[in-house]
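The values are calculated or read from the model by the stated rules, or taken from the named source; none is laboratory data. Just so you know, these numbers come straight off a predicted model, no measurement behind them. A quick note on method: Cβ atoms are made from the backbone with ideal geometry, for glycine too, and the neighbour counts reach across all protein chains shown.
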């Protein structure tokens, strides 16, 4: 797979982009392209941060997922939309919706220029051919059970 990348922020080269954190890492590090440190207050609205690049995947069998980094997520810096999807035909700038998920009154999180704040993973896209039916041909053992019906979340079951 070949992906075209346009560097919008020239500092990315100095910060080591493109870079995977290890030889077998799935996620490509995305940097905060900021001119000055950004303070994210606990439980405040998310902020869009430029990753300083634009990509064009071009192949409809692939997309990019923008996901949080485990280390920054653990301290409270997560994505406002949990996971961003970059469609194969998108050519605009990659933006990271950053949010301090910590409880009100918790310390601010400061994002520094060039800090690795998210990661992009490239995944295959399944495009099924749908068959609209009035009933399913065979019933599954699970049926319509959901939200704890398999015993994984019993506290979600309604009281009888």
request  = Kindly indicate whether residue 29 is assigned to a strand (DSSP E or B) and either farther than 20 Å from residue 87 by Cβ or free of Cβ contacts under 8 Å to residues at least 60 places away in the same chain (or both).
outcome  = yes
remark   = A careful count of residues in segment 1-26 that are touching a strand residue (DSSP E or B) at 6+ places or on another chain (Cβ under 7 Å) and either in a strand (DSSP E or B) or closer than 26 Å to residue 89 by Cβ (or both) gives 14
ask   = From the residues in segment 55-81 that are in a strand (DSSP E or B) and under 26 Å from residue 109 (Cβ atoms), which one is farthest from the chain's Cα centre (by Cα)?
value = 77
inquiry  = Against the conditions (1) crowded, with 18+ Cβ neighbours inside 10 Å; (2) touching a residue at least 40 places away in the same chain (Cβ under 8 Å); (3) touching a helix residue (DSSP H, G or I) at 6+ places or on another chain (Cβ under 9 Å), where does residue 113 fall short? Just the number, please.
reply    = (1)
message = Here is a check on your reading of the model: is residue 94 at pLDDT below 95 and either buried (at least 18 other Cβ atoms within 10 Å of the Cβ) or closer than 21 Å to residue 125 by Cβ (or both)?
response = no
Per-region count, segment 82-91, residues surrounded by 14 or more Cβ atoms within 10 Å (Cβ to Cβ) and either at pLDDT below 95 or outside any loop (DSSP other than H, G, I, E, B) (or both) = 2
Number of positions in segment 113-141 that are in contact with a strand residue (DSSP E or B) (Cβ under 8 Å, 6 or more places away or on another chain) and in a loop (DSSP other than H, G, I, E, B) = 3
task = State whether one or more residues within segment 66-80 are on the phi < 0 side of the Ramachandran plot, surrounded by fewer than 14 Cβ atoms within 10 Å (Cβ to Cβ) and touching a strand residue (DSSP E or B) at 6+ places or on another chain (Cβ under 6 Å).
result = no
